[in-house]
Amino acid sequence: MTATLRILVGLSIAVATLCLAAAFIASSWYAALVMLGIGLLWLSVLRHGNSRVADWGLFFFVIAAVWGGLQELAWGWLLTAVVAGLAGWDLTHFLTHLQATPERLREEELVRRHLLRLAGVAGGGWLLAGLTLLATIQLNLIGALLLAGSGIVALTAAVRSLRRRNL
């Protein structure tokens, strides 16, 4: 089962890297090559099982996507790169956690449930972020504060619910 997870981690990082490169190739070949280099570095260190590299890889991918957004590059590529990078980051940490556990009871069931949750979160997050980028809503300060507060409350409730469920 860990071999399947390794393949999924590699695919997630590859998709994120190619999407970033595709977004940046319109503005600069050099920036696209830098994105490819970051992705290849993340993939190369993946073999050694160092999960801290995933943290830095995701950090650079998000910074690159924000930079691309400021340059008004194609948001679809940037959004897909961030979601795929986040999935690769999550799977890297899940794989590290799974390998550190000495006794793996029902490993296949655990992996299947995690992948289903990740697919739901990644797909839903991509869809919601895409809708957000397409929509234009005018809010005053009070409306923005109420919306942000309700979002924080909902996110906190969702995290608590997931923690109670146990991994």
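Looking at region 4-19, I want the residues that are in the same structural domain as Leu79 (by TED's automatic domain parsing) and part of a helix (DSSP H, G or I) and have a partner that is of a type in the set (D, E, K, R) and buried (at least 16 other Cβ atoms within 10 Å of the Cβ) with Cβ atoms under 9 Å, at least 6 apart or on another chain. Which pairs are those?
Once the first residue is in the same structural domain as Leu79 (by TED's automatic domain parsing) and part of a helix (DSSP H, G or I) and sits in region 4-19, its partners that are of a type in the set (D, E, K, R) and buried (at least 16 other Cβ atoms within 10 Å of the Cβ) give Ser12/Asp90.
Which one is surrounded by the fewest Cβ atoms within 10 Å (Cβ to Cβ) among residues in region 20-35 that are in contact (Cβ under 8 Å) with a residue 40 or more places away in the chain and in a helix (DSSP H, G or I)?
Result: Ala22.
Any idea which of (1) closer than 26 Å to Leu133 by Cα; (2) buried (at least 20 other Cβ atoms within 10 Å of the Cβ) is the one Thr92 doesn't satisfy?
Looking at each condition in turn, Thr92 falls short on (1).
Looking at (1) within 30 Å of Ile7 (Cβ to Cβ); (2) surrounded by 12 or more Cβ atoms within 10 Å (Cβ to Cβ), which is the one condition that is false for Leu133?
Unmet condition: (1).
The values are calculated or read from the model by the stated rules, or taken from the named source; none is laboratory data. Remember, predicted model here, so these are calculated numbers, not experimental data. Note: ideal-geometry Cβ built from the backbone for every residue, glycine included; neighbour counts use all protein chains shown.
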